[in-house]
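Taking it in order: structure first as structure tokens, then the write-up.
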Amino acid sequence: MSEPRDASELLKIGYKVALLVFTVGQSLSSETSITPWYILSVLLYLSTNLLFYMLKKESFRLLVAVLSIGIAIAMFQDHPLVILLLPAHLYELASIFVGKQGIASSLLMMIPLLLVPRQLMLLYILIAAVTLIYFSTLKLYDNKLRGQHSELERMRGDLERVHTRLQENNEFLRQAEYTLKLEERNRLSQDIHDNIGHAMTSALIQMEAAKRLIKINSDQASLLLDNAIHISKEGIESIRFDLKKMKPPTEQMGVNRMKLFIDEFSDKYPIRTAFTYEGNMDFISPIHWKIIQDNMKEAFTNMMKYAGATAVSIHVQVLPLLIKATVTDNGQGKGKIVKGLGIIGMEERAATVGGKVIVDGSRGFSVTTLIPYTP
Amino acid sequence: MNMLEIKQLTKKFGEYTAVDNLSLSVQEGEIFGFLGPNGAGKSTTIHMATSLLSATKGEIEIMGRNITKHSRFAKQAIGFVPQDLAIYEDMTAYENVHFFAGLYGLRGAELKRSAIEALEFVGLADRQGSYPKSFSGGMKRRLNIACAIAHRPKLIIMDEPTVGIDPQSRNYILNSVRKLNRRGSTIIYTSHYMEEVEEICSQIAIIDHGKIIAEGTKAELKAIITNQKNISITVRSTERLPMEQLKSIVGVNTVEAAEQTINISSAVEINNLNPIIQLLVASGVEIRGVEAQEPSLETVFLTLTGRTLRDE
Amino acid sequence: MREMIWVVRRMALSTVKNYKIMLLYLCLPVLGIALASSIYSGSEESPLRVGVVNHDDGQAVTVDMVEYIRKLDQVEVREVRTEEAEGLLASGNIDAVLTFPKGFAGSMLSGQPANVGLTSVQGSQVTAYIKSYLNAYIGNLLSIGRSSRGEQAKFDQMYKSYLQAESGLSVETVEDRSVQHQKSAQTVGYLVVLMLFSAVNLSGMILKEKENRTYFRVFAAPVTGRAYVAANIIVNVVVMLIQIAVTLVVMTRFFHIDSGIPVLQMFLLLGLFALVAVSLALAIIAFSSSSMVAGGIQTMVIIPTCLVAGCLFPITTMPALMQQAAHFLPQYWLLDTVSRLQQGEPPSGVLLNLAILLAFALVLALTAAYKFGRNREMHSFI
């Protein structure tokens, strides 16, 4: 934050130095103008100016600003050019007093016009105008930078909020999914009850009837049995159908889902992939899987950005107290990693379950997500 | 009491984050190991704790007092052994220690006594009149330590005090660290040599890329990556092996017997070597060798980060 | 405070132990004195050869005047003809030509002096020397001429008594002192260069300690940046005061050079300049990232400014613009003060000069402080 202010301060100092060099340079050409008093005044003027930028307290700053102006005016008698130094000081003086300096300082700058000798009048007005424009531009740029900085902070805050809301929504979605599953189960049991129950009952009745009829009217009995067989067949068919509906698709499971995603990735890009895992995968809860998968996707995106990789390996390991998921590529890596939003996102994701993310660029690029768990 | 407490400390150099939201606390009386590869952010953290660097974010307390608000108190409480040798080549060993101890306010006879004592402590008393340029690397390191301990600080922070020295000096320094700890100083010991940290530290934090990735005692750290240890016993013969009794010893999971070796896999946190051996001896099994394989901190680091501590 | 004194102690110890540097600090000023006195003793030995072209032959006043010049210390006079004057001058057989116009003596009587021509190939130094004597002499004649109101008899009478009085004066002592003054002024010039160099070197200790890492170690102890810099300033000033004292003692006791200024005054004046030197050194250090850079800036700043300010050669040999620019250098004001005091101005007359020197110290110190303040981050300084 201090950097932009320092920069604009240096620009102001540079401007003043240029003006001083100009006025002093003029005095060099004439033999008589350099007197000891003149040198002393220039030195004191320099001192008060330096103090102005070093002091923190407003009242002291005001004092040295007034002193600077006083010294310049004292020099004015013998060196009328010195008057050109005044606009910058008057502007700074105005900036201590009032917030909106435009009008106030331009008015203040007009005051010395009363003193200015005729031949310097135009030059003075020029310098005053340049000073006004220069300093206002500096202020504008300074404010803009500061504004952008706070804007950035605000946006970062927003991002964080949005992120947490997303998290909450996901949680809600998971809940909804669960209720959906319950409903589905209900529907299934209803289906089983309705379809298969009915089929079995009617098959049973027909078979009972056939048993009684088998000695009296064997033809009739065989007809009934045929019917029962048909109904049973339909029932089995219906059971098959319902069971098929009930079983979740395999790709929804953690490891399989990972495999699926990685396969998709290697189909799309010319990068070899390898997925390995060790330890008891049952310890990885759906939330953990979600974080691991999201971080992996992010790592892939990162990898594509910092080119040079031809192969990537994904390794998930369940340790006694930690789950470790690593995505490593064989690219050039990067000595000092500057954290972008991608990495920060991964860190925040991991932090929601107390995990950590290590990004390393020393041998290729690797992203390791460490998530603690209680077995 | 917490000797050192670091709360959410962050240090950025431009855009680069050297220390990343790091929190830790060091209890009084500990030898706290700060383990991590070069460039992990150990030194940066240490420099912030010793007021040499200002933090970008976060807070540091020494004995419950904020170090920026109580700068003098904090500096007085710490003895700092920097990673880069900080000794004056144009002053003798004694003059060096004398000067640094004097900076902490010691004067007169007390100063002289403390300086000599510190030199004795690091084994340089007989060389006190010599100039550091005649010293070996290890001796310079020891002098560097003497300069930090003469004022008897409560907390001694050592930043890689054994870099580039011979094994003998290293052992000497490690012993000194233990002695200092027994004398009542809390010690923070930074190193990328895991053997050292494993040998002397009671509490260890593993740091990588500015973050603490694991923290705890040696056993706790090892428990993160495995809960098994392997005990391999060489015997003359396994004929009279009391298999069932062995398996019933607390912690033992599996026992495999080959012709002359018994491999026992056991819970890492239980020390059951004694009962196992006693049982074997009592059963008349002749023991020829015992080897207990535990994972090292190096393995912990390797497992967690996929890299070694030293880039060879 | 306690810590500061402790750091002072250490820095002093280090400085004293480094006997090579210490010897350099103290021997070079002595060498400077030797050099200065050899340069000016050279000018003592070779006399100024003046050719006189007399168009006003036979007049007593003119002849007496030539005699007067002949009697001046370090001057040889020979009569030359107009035609040969230029040739002699160009070939270096004579250093200057003095031309008396016809009716010069008469013009004295009338009170409206005819111009005496003075030509030389060397710098204005030669002519200035003779000119000053001639002007005084002619001035006296003129006032005699005026008070005699053009009456020849009255003039002769007054002129005679003037000549008698004149012969009673000793010209030599004044002349001797001027060489002594030049020697001492030159010595001061060399001393200034050395002081500036040693000041930057001593402050460079800060950078050196930064490079060998002890700097950071010191700040891990309860020492503030301010105390550390203050300690450096103290050591720096003390070393320079010793340097000044040694130079003055050697100059007056061993070389028997009389600067024309009481030794204590000279010591205080140079002491004041030591403050300027320290401030400059700190400013240079503040803008340097390493002792290498500081060394570079040091040479780039000190040598040219000393040259322009007239520390190494008399400022009168510089072009006019340079002489003007010299006013913005502290060295100029020190040398100016020295020469004013030598010319007999009382200390109260140079107060303004002293104020300027102080102001230079202030500006440089503030510059250093400003830069130190901005360097705060990345623990460069303070």
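The values are calculated or read from the model by the stated rules, or taken from the named source; none is laboratory data. Everything numeric here is computed off the predicted structure, so don't read it as measured data. Cβ placement follows ideal geometry from the backbone for every residue including glycine, while neighbour counts extend to all protein chains displayed. Please note that ligands, DNA and RNA were not included when accessible areas were found on the heavy atoms of the full protein model with its side chains. Shrake-Rupley method; radii C 1.70, N 1.55, O 1.52, S 1.80 Å.
So A:ILE371 clears everything in (1) away from every other protein chain (no Cβ under 11 Å); (2) at pLDDT below 90 except one condition, right? Which one?
(2)
Got a sec? Which of B:GLY29, B:GLY58, B:GLY64, B:GLY33 is away from every other protein chain (no Cβ under 12 Å), touching a Phe, Trp or Tyr at 6+ places or on another chain (Cβ under 7 Å) and over 16 Å from B:LYS140 (Cα atoms)?
B:GLY33 is the lone residue from the list that is away from every other protein chain (no Cβ under 12 Å), touching a Phe, Trp or Tyr at 6+ places or on another chain (Cβ under 7 Å) and over 16 Å from B:LYS140 (Cα atoms).
Could you grab me the full set of residues in the stretch A:50-94 that are in contact with a helix residue (DSSP H, G or I) (Cβ under 7 Å, 6 or more places away or on another chain) and among the hydroxyl-bearing types (Ser, Thr, Tyr)?
Within the stretch A:50-94, A:TYR53, A:SER68, A:TYR91 meet the criteria.
Pairs only if they're at least six apart or on different chains, beta carbon under 7 angstrom, first in the stretch B:58-81 and over 12 Å from C:PRO222 (Cα atoms), second open to solvent by 40 Å² or more (accessible area, probe 1.4 Å) and assigned to a strand (DSSP E or B); list them, first residue then second.
Hits for this filter: B:GLY58/B:LYS7; B:GLY58/B:GLN8; B:GLU59/B:LYS7; B:GLU61/B:GLU5; B:GLY64/B:ASN2; B:ASN66/B:GLU59.
Just name the residue that is farthest from B:GLY306 (Cα to Cα) out of those in the stretch B:191-207 that are open to solvent by 10 Å² or more (accessible area, probe 1.4 Å) and at pLDDT below 90.
Of everything passing the filter in the stretch B:191-207, B:GLU199 is farthest from B:GLY306 (Cα to Cα).
Pull out all pairs, ordered by first then second residue, where Cβ-Cβ is under 6 Å, the residues are six or more apart or on different chains, the first lies in the stretch A:124-153 and is outside the structural domain of A:ILE13 (by TED's automatic domain parsing), and the second is open to solvent by 70 Å² or more (accessible area, probe 1.4 Å).
The qualifying pairs are A:LEU138/A:LEU11.
Go through the stretch B:144-168 and report how many residues are assigned to a helix (DSSP H, G or I) and surrounded by fewer than 20 Cβ atoms within 10 Å (Cβ to Cβ).
2
Report yes if B:LEU103 is more than 10 Å from chain C (Cβ to nearest Cβ) and open to solvent by less than 30 Å² (accessible area, probe 1.4 Å), otherwise no.
No, not satisfied.
When the stretch C:324-364 is examined, which residues are found to be facing another protein chain (nearest Cβ under 9 Å) and under 11 Å from C:LEU280 (Cα atoms)?
Within the stretch C:324-364, C:PHE360, C:LEU362, C:VAL363 meet the criteria.
For B:GLY29, are the conditions met, namely being touching a strand residue (DSSP E or B) at 6+ places or on another chain (Cβ under 8 Å) and assigned to a strand (DSSP E or B)?
no
Of all residues in the stretch A:315-365, count the ones that are free of Cβ contacts under 8 Å to residues at least 40 places away in the same chain, touching a Pro at 6+ places or on another chain (Cβ under 6 Å) and either facing chain B (nearest Cβ under 10 Å) or more than 21 Å from A:HIS288 (Cα to Cα) (or both).
0
Filtering the stretch B:208-246 down to residues that are open to solvent by less than 20 Å² (accessible area, probe 1.4 Å) and small (Gly, Ala, Ser), which residue is farthest from B:ILE262 (Cα to Cα)?
B:GLY210
Filter the stretch C:209-223 down to residues that are open to solvent by 30 Å² or more (accessible area, probe 1.4 Å) and more than 7 Å from chain B (Cβ to nearest Cβ), then give me how many there are.
3
Inspect all residues belonging to the stretch B:81-91 and state whether any of them is in a loop (DSSP other than H, G, I, E, B), more than 12 Å from chain C (Cβ to nearest Cβ) and open to solvent by 50 Å² or more (accessible area, probe 1.4 Å).
No, the stretch B:81-91 contains no residue that is in a loop (DSSP other than H, G, I, E, B), more than 12 Å from chain C (Cβ to nearest Cβ) and open to solvent by 50 Å² or more (accessible area, probe 1.4 Å).
Taking the stretch B:106-124, which residues are in a loop (DSSP other than H, G, I, E, B) and more than 12 Å from every other protein chain (Cβ to nearest Cβ)?
B:VAL122, B:GLY123, B:LEU124
Given (1) open to solvent by 50 Å² or more (accessible area, probe 1.4 Å); (2) in a loop (DSSP other than H, G, I, E, B), where does A:GLU348 come up short, assuming only one miss?
(2)
If a residue must be open to solvent by less than 50 Å² (accessible area, probe 1.4 Å) and more than 14 Å from B:VAL268 (Cα to Cα), how many such residues does the stretch B:280-296 contain?
5
Pick from the stretch C:258-277 the residues that are farther than 15 Å from C:LEU196 by Cα and β-branched (Val, Ile, Thr): which of them is least open to solvent (accessible area, probe 1.4 Å)?
C:ILE261
Is there a residue in the stretch A:169-186 that is in contact with a Pro (Cβ under 8 Å, 6 or more places away or on another chain), of a type in the set (D, E, K, R) and in a helix (DSSP H, G or I)?
Yes, that holds for at least one residue.
For the condition open to solvent by 30 Å² or more (accessible area, probe 1.4 Å) and within 30 Å of C:GLY145 (Cα to Cα), what is the one hit in C:THR99, C:THR62?
It is C:THR99.
May I ask you to list pairs of residues, at least six apart or on different chains, whose Cβ atoms are under 7 Å apart, with the first in the stretch B:266-280 being in contact (Cβ under 8 Å) with a residue 12 or more places away in the chain and the second being of a type in the set (Asp, Glu)?
B:VAL268/B:GLU294
Among residues belonging to the stretch A:15-39 that are at pLDDT 85 or above and open to solvent by 40 Å² or more (accessible area, probe 1.4 Å), point out the one that is nearest to the other protein chains (Cβ to nearest Cβ).
Taking the candidates together, the pick is A:TRP37.
Look through C:PHE255, C:PHE267, C:PHE273, C:PHE197 and report the one residue that is away from every other protein chain (no Cβ under 11 Å) and at pLDDT below 85.
C:PHE255
Do you know which of the residues in the stretch B:41-55 that are assigned to a loop (DSSP other than H, G, I, E, B) and either more than 27 Å from B:LEU309 (Cα to Cα) or open to solvent by 40 Å² or more (accessible area, probe 1.4 Å) (or both) is farthest from the other protein chains (Cβ to nearest Cβ)?
By that ranking, first place goes to B:ALA55.
Given the structure, is A:VAL42 at pLDDT 85 or above and either within 30 Å of A:LEU145 (Cα to Cα) or within 11 Å of chain C (Cβ to nearest Cβ) (or both)?
yes
Hey, any hits in the stretch B:294-310 for a residue that's in contact with a Leu (Cβ under 8 Å, 6 or more places away or on another chain) and more than 27 Å from A:LEU322 (Cα to Cα)?
No, the stretch B:294-310 contains no residue that is in contact with a Leu (Cβ under 8 Å, 6 or more places away or on another chain) and more than 27 Å from A:LEU322 (Cα to Cα).
Count, please, the residues in the stretch C:287-322 that happen to be farther than 30 Å from C:SER178 by Cβ, of a type in the set (Ser, Thr, Tyr) and open to solvent by 60 Å² or more (accessible area, probe 1.4 Å).
2
Just name the residue that is nearest to C:PHE372 (Cα to Cα) out of those in the stretch A:42-77 that are of a type in the set (Gly, Ala, Ser) and surrounded by 20 or more Cβ atoms within 10 Å (Cβ to Cβ).
Selected residue: A:SER47.
Can you confirm whether the stretch A:30-40 contains a residue that is hydrophobic (A, V, I, L, M, F, W, C) and more than 30 Å from C:TYR332 (Cα to Cα)?
no
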